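S.K.: Just dropping this structure here.
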Amino acid sequence: MQDYFKIFGLKRQFDINPEKLDDAYFELQRQFHPDVFKNSKQNEAEAMQKSALYNLAYKTLQNPQKRAEYMIGDEKLEASPELLMEMMELRESGNVDDVKKEIAKLYKQFAKTEDKETFVRIKYLSRFIEESKN
């Protein structure tokens, strides 16, 4: 599997420059968009594969939670009993604004440490916010 950061010429770190990501993505799409290779079936198929990879990589790196998850890898991530208890208490209190502030702090912490437990906390708190919208 290709490294998504390398595809776009970015350093492998959580904090990325969104403009550099956008510029690199759009340049690759200009070069490898399947329409550019319409007359060559073999090149068109290869371009379609590359375009699909670039789309997935771009969407992953563009979204902070997906980017963090990508950086953590395929390891199974489990919440501690303490975090699960805290989530139950949050559901009862429904304090979304404080949770959003907490997530912002956790992303800053994750950018420095790339700590799995920090990411698990981000993921659970983000899920709480999504569920509170419904």
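S.K.: Select, from 93, 40, the only residue that is of a type outside the set (A, V, I, L, M), more than 19 Å from residue 131 (Cβ to Cβ) and modelled with pLDDT under 85.
M.R.: Step by step, each of 93, 40 is checked, and only 40 is of a type outside the set (A, V, I, L, M), more than 19 Å from residue 131 (Cβ to Cβ) and modelled with pLDDT under 85.
S.K.: Which condition breaks for residue 10 when tested against (1) at pLDDT below 85; (2) surrounded by 12 or more Cβ atoms within 10 Å (Cβ to Cβ)?
M.R.: (1)
Per-residue answers, yes or no, for (1) closer than 16 Å to residue 128 by Cβ; (2) loosely packed, with under 15 Cβ neighbours inside 10 Å:
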{"position": "3", "(1), (2)": "no, yes"}
{"position": "45", "(1), (2)": "no, yes"}
{"position": "57", "(1), (2)": "no, no"}
{"position": "97", "(1), (2)": "yes, yes"}
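S.K.: Take the conditions surrounded by fewer than 17 Cβ atoms within 10 Å (Cβ to Cβ), part of a helix (DSSP H, G or I), more than 16 Å from the chain's Cα centre (by Cα) and of a type in the set (Asp, Glu) and apply them to residue 78. Does it pass?
M.R.: no
S.K.: In the stretch 105-130, which residue that is of a type in the set (S, T, N, Q) and free of Cβ contacts under 8 Å to residues at least 24 places away in the same chain is surrounded by the most Cβ atoms within 10 Å (Cβ to Cβ)?
M.R.: 118
The values are calculated or read from the model by the stated rules, or taken from the named source; none is laboratory data. Quick caveat, the model's predicted, so the values are computed rather than measured. Here the Cβ is made from the backbone with ideal geometry for all residues, glycine too, and neighbour counts use every protein chain on show.
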